[in-house]
1. Test A:Tyr43 against the criterion of being within 30 Å of B:Val69 (Cβ to Cβ), within 16 Å of ligand 2 (Cβ to nearest atom), more than 13 Å from the chain's Cα centre (by Cα) and hydroxyl-bearing (Ser, Thr, Tyr), and give yes or no.
2. Only one of A:Ile7, A:Ile61, A:Ile80, A:Ile76 is free of Cβ contacts under 8 Å to residues at least 40 places away in the same chain, within 13 Å of chain B (Cβ to nearest Cβ) and under 13 Å from A:Ile112 (Cβ atoms); which?
3. Just checking, does the stretch B:248-258 include any residue being surrounded by fewer than 22 Cβ atoms within 10 Å (Cβ to Cβ) and of a type in the set (D, E, K, R)?
4. Could you say whether any residue in the stretch B:56-63 is within 14 Å of chain A (Cβ to nearest Cβ) and in contact with a Leu (Cβ under 8 Å, 6 or more places away or on another chain)?
5. Is there a residue in the stretch A:86-97 that is in contact with a helix residue (DSSP H, G or I) (Cβ under 8 Å, 6 or more places away or on another chain) and modelled with pLDDT under 90?
6. Residue by residue through the stretch B:303-328, note down the ones that are part of a loop (DSSP other than H, G, I, E, B) and either open to solvent by less than 50 Å² (accessible area, probe 1.4 Å) or in contact (Cβ under 8 Å) with a residue 24 or more places away in the chain (or both).
7. Among the residues of the stretch A:65-88, are any on the phi > 0 side of the Ramachandran plot, open to solvent by less than 80 Å² (accessible area, probe 1.4 Å) and either of a type outside the set (Gly, Ala, Ser) or within 16 Å of ligand 2 (Cβ to nearest atom) (or both)?
8. Got at least one residue in the stretch A:11-23 being within 12 Å of another protein chain (Cβ to nearest Cβ), under 16 Å from the mean Cα position of the chain (by Cα) and away from ligand 2 (no atom under 16 Å from the Cβ)?
Amino acid sequence: MRLPAIIKETFSNLFRKPATVKVPIEEKLPPAPGYRGVPRVDYSKCTGCGLCARYCPSFAIELITKDKRRYPVFHIYRCIFCHQCVEVCPVKAIKPTEEYELSTDRPSDLIIKP
Amino acid sequence: MSTIDLILGPQHPAFKEPERFLFKTEGEIVVDVEPRLGYVHRGIEKAFEMRNYIQGLYLAERICGICNVAHTLCYAQAAEEVYGVEVPPRARYLRAVIHELNRIHSHLLIIGVAAELIGFDTLFMLIWRDREIVMDLVEMMTGNRVISAYITIGGVRRDVSPEFIEKAKKMLTKLEERVKYYRKVWIEDPIIRARCVEVGKLSKADAIKLCAVGPTARGSGVNYDVRRHRPYAAYDEIPFNVVLREEGDVWARVLCRIDETLEAINIVKYALDHLPSGDIRVKVPIRPPPGEGVAFVEAPRGELLHHVYSDGTDKPYRWRVRTPTYANIPAVCHMFKGCYIADIPAILVSIDPCFSCTDRVTILDIRTNERKILTWTQLKKMFREFRRPKA
Ligand code: SF4
Ligand code: SF4
């Protein structure tokens, strides 16, 4: 009888390092460049046009009025990190970031407002 | 002999969309099966009508996380038909690339799961380890491992760099070697053959009669592939083979997927080598003209259809989606007839449904009204310990 092909592979794996890494205790895996993380808005550039709120697929952007002009407020806990807002902003006020570690015990950390 | 009803689902790890199946069994043999669909009706089609076309793109992506590219591609093509825009050639090639990368990762996932379900955990772990190669590629190309958000109406959202192409080709060559090895294991291994050959037979005539799609049909020798017969993206310019197997059992359907993975790797390499230059997207306005659009796409699981009606406002009037697993339900019900209870998971997985987490099975004896509840682990254990009688 021939030995099944998997046997050799199984034994060679006995002496290999694990393919997994212990995140985040021993190692942190950086995301690939261009990873879609939290969108961060620069309020000094924003004109309050409201396009980002109109296109956001998960209704994570709310427009508020403050000092007689409109500002977008980002509810990051609803965000699906699609970067549609980055794409539509006419003055490039929204900057894409690669942040992905968002767990927090204060929900207010997840609201970006002016 | 009286029959015993065995209820699987609706929450069952072997289904993509939770569905309830009622098996009528005589001893160990399934004699009849009644599916009941619609348990997780999520109202997605109605939700499309509440969103504009761009927002709908991200909703379409979430119909199915694993074949998300197939859904966005189909959505975008249907919408493009309404808008009447032509996609630039570079975008058409990039769409084929991401579509095939998505197919590779979906197929490797289900091949691994099939190995796990027949009790071959080593193969499952190894395949899933090597699947990371293609996940990393998707992340480099689109910015996320699974939900790629890459295709948009009128083109694609990001371009690829020459460094990416170099790296991708190197990584894919590595993956190809591994997949070839798994193909050898799947063909030769005695345990796999004992579990899968001649299980869940679907003849070619039945596959045509029951309108099976995708690898389920191609595993029975039905030569139908949307990429070949209704070319979209760049498939009319890319040479590739439609993988066919004649056997029509669980083994052939999974082998069909392994061969399709190899074929997909070649398609990606060819498309990256022959990438035309130029724009990657055309901008579309928020409001399309009134009209109608239909698009077909060969998703990893089979033929997928999106159909849209536009009344000229920024939101679609009606959006209709037909997914491949739905089309394969009659075929899988046919396969169950005459199989052993212990073969149910293997047959289910061979049409490539999806897996959630935990489930239980109620075995209900109608005569005595006695209920037996099995957890998924117990069912799996039963499946593994069960030995099929020698023919
Ligand atoms: S990334 Fe997407 S979901 Fe998040 S705020 Fe921007 S548009 Fe909305
Ligand atoms: S699209 Fe840009 S400019 Fe307009 S409201 Fe949003 S952030 Fe401000």
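The values are calculated or read from the model by the stated rules, or taken from the named source; none is laboratory data. None of these values were measured; they are calculated from a predicted model. Here the Cβ is made from the backbone with ideal geometry for all residues, glycine too, and neighbour counts use every protein chain on show. Surface accessibility is based on the protein's heavy atoms, side chains included, excluding ligands, DNA and RNA. Shrake-Rupley method; radii C 1.70, N 1.55, O 1.52, S 1.80 Å.
1. The answer is no for A:Tyr43.
2. From the options A:Ile7, A:Ile61, A:Ile80, A:Ile76, the qualifying one is A:Ile61.
3. no
4. no
5. no
6. Within the stretch B:303-328, B:Gly312, B:Thr313, B:Asp314, B:Lys315, B:Pro316, B:Tyr317, B:Thr323 qualify.
7. Looking for residues that are on the phi > 0 side of the Ramachandran plot, open to solvent by less than 80 Å² (accessible area, probe 1.4 Å) and either of a type outside the set (Gly, Ala, Ser) or within 16 Å of ligand 2 (Cβ to nearest atom) (or both), one finds at least one in the stretch A:65-88, hence yes.
8. no
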